[in-house]
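Input: a single structure, listed below in structure tokens.
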Amino acid sequence: MAPMQKFMKQRLVYLSIALITIVTGLLVRHRQDLFQDIVNLYLGDVLYAFMMYYLISFMQPHIKSFHRAVIALVTCYAIEAFQLVEAPWATALRTTILGRLVLGWGFLWSDLLAYFIGIVLAFYSDRFWLAKDGAVV
């Protein structure tokens, strides 16, 4: 397979995984009654980081997986830190559905651990499943 076709196939796989993760995260949020409180508290953040890894991978499939993981983790941490900003425009942005889903609402130290777990799971799933296909690892 030509290198360009390989990157296009990888991008399609990465985007598909990110979209499936988004749908899964929305379903988990919508059906919180099905899960214990501890799961509801952290699963969304784990899935958010998992999705972030695959979105970064979709945008930059040629970068090694470790570097994509670092970029995704720093992105998640930056978004979490942005939750400390209480400017009126930031608060107004968070009141929208998209703003709340993308940016979250309140800073929690425990979210940082959940993001780390999500990135680790994404990183190792990428290395285990997708590296078999000759992807950049």
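Bear in mind these aren't lab numbers, they're just calculated from the coordinates by the rules spelled out. What you are looking at is a predicted structure, and each value in this text was computed from that prediction instead of being measured. With ideal geometry, Cβ positions are generated from the backbone for all residues, glycine too; neighbour counts draw on all protein chains shown.
Residue-wise HN-Hα couplings along segment 21-27, as the Karplus relation 6.51 cos²θ - 1.76 cosθ + 1.60 with θ = phi - 60° gives them from phi, are 5, 4, 4, 4, x, 5, 5 Hz; Gly and Pro carry x.
Over 18 Å, how big is the tail of the calculated P(r) for the chain, in percent of all Cα pairs? Here the long-distance tail beyond 18 Å is 57 percent of all Cα pairs in the chain. Considering only Leu73, Leu98, Leu12, the mean-square fluctuation computed in a Gaussian network model of the chain, springs between alpha carbons under 10 angstrom, is largest for Leu98. Among Gly99, Gly44, Gly25, the residue with the largest mean-square fluctuation in a Gaussian network model of the chain, with springs joining Cα atoms closer than 10 Å, is Gly99. Legend: ranking of residues Phe66, Phe82 from fewest to most surrounding C-beta atoms inside 10 Å; resulting order Phe66, Phe82.
Result for the chain in a Gaussian network model with C-alpha springs under 10 Å: among Leu93, Leu112, Leu43, the largest mean-square fluctuation is at Leu93. Each residue of segment 45-51 was assigned a 3J(HN,Hα) from its phi angle through the Karplus curve 6.51 cos²θ - 1.76 cosθ + 1.60 (θ = phi - 60°); the sequence is 6, 4, 5, 4, 5, 4, 4 Hz, with glycine and proline shown as x.
Shown here for segment 55-137: trypsin sites (Lys or Arg not before Pro) in loop regions (DSSP other than H, G, I, E, B) with at most 12 other Cβ atoms within 10 Å, namely Lys64. With angles folded into 0 to 90 degrees, how steeply does helix 65-82 sit against the dominant principal axis of the chain? Use alpha carbons for both and round to 10. Taking Cα atoms only, the helix is inclined about 10 degrees. Relative to the longest principal axis of the Cα atoms of the chain, the long axis of helix 109-125 lies at roughly 20 degrees.
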